[in-house]
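Scroll down for the structure; my scribbles are underneath it.
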Amino acid sequence: MNTEREALDVRQPVVDERPLARIQAVPWMIVIVLLAAVAWLGWRAFFYNEEGDPVGSAMLAFEKQNSLNVFSSRFEIVAESENAQGVLGIDILKSRQATIIPATVTYRLDLGNMDRDAFAWDDRSQTLNVVLPPLRISRPNLDEAQARVFTEGNWVTANAQRSLSRNNSLQAERKAAVFAKNPQVLGLAKNAAKEAVRQNLAIPLQVAGYENAKVSVRFEGERPPAD
């Protein structure tokens, strides 16, 4: 009987524990993969610094703005007109009017139409060279509500008054347009435009990975700055 029981014990199957070990290892592998992914994402977000295309970054910044007002000039224009009314060719009623009218002119840059040829990146000096198109000058805005009017004449009729005012307004607009192109005023507007472009491109270049980048700006026709 003992011999038969021992034989039965020998025939009992042996349980293989290796599949169970593999099943228990799967959750740990998932955890390890997730931790590795989180670590990679954190490194990518806070430590990895991939340098982008400085020219592409500048063009994208300009395309988003499209147009940039860089300077506004407010000044006063003096306009003078005369009016004469008479009978049979003889001037009887003469009047004269002088008007001082405040005017405002805005200078802007059209950035959306600038192509890649307007930008050049110098990797050696870490400098982005930008060539700007000519400034756009707005039509003068006359603040006639703030105008100061001085009229001379013994008797100024309503028609004469309207004629004097109309002539002075047209004259003031022409003079303001000429004054807006004055070299000194235009020079101030260009300097303001260059500084505005430098400031607007500083952040895109930093985002692209060029923290120490410089921006050199000039207008079409101007000589490049000396190295």
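The values are calculated or read from the model by the stated rules, or taken from the named source; none is laboratory data. Owing to the predicted nature of the structure, the values given are computational and were not obtained by experimental measurement. Using ideal geometry, Cβ is built from the backbone for each residue, glycine included, and neighbour counts are taken over all protein chains shown. The accessibility values were calculated without ligands, DNA or RNA, using every heavy atom of the protein model including side chains. Shrake-Rupley method; radii C 1.70, N 1.55, O 1.52, S 1.80 Å.
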Among Leu170, Leu164, Leu93, which is the only one that is assigned to a strand (DSSP E or B) and of a type outside the set (D, E, K, R)? Leu93
Among the residues of segment 106-128, write down those that are within 17 Å of Gln199 (Cβ to Cβ) and either in contact with a Lys or Arg (Cβ under 8 Å, 6 or more places away or on another chain) or assigned to a helix (DSSP H, G or I) (or both). Tyr107, Arg108, Leu109, Thr127, Leu128
Here the residues within segment 171-202 that are open to solvent by 90 Å² or more (accessible area, probe 1.4 Å) and without any contact (Cβ under 8 Å) to a residue 60 or more places away in the chain are Arg174, Val178, Lys181, Pro183, Gln184, Asn191, Gln199
Among the residues of segment 120-150, how many are basic (Lys, Arg) and either surrounded by 15 or more Cβ atoms within 10 Å (Cβ to Cβ) or closer than 30 Å to Ala98 by Cβ (or both)? 2
Of the conditions (1) at pLDDT 90 or above; (2) crowded, with 16+ Cβ neighbours inside 10 Å; (3) farther than 19 Å from Asn69 by Cα, Gly153 satisfies every one except a single condition; which number is it? (1)
Sort out which residues of segment 206-222 are open to solvent by less than 50 Å² (accessible area, probe 1.4 Å) and within 13 Å of Ala120 (Cα to Cα), and write them in order of number. Ala213, Val215, Ser216, Val217
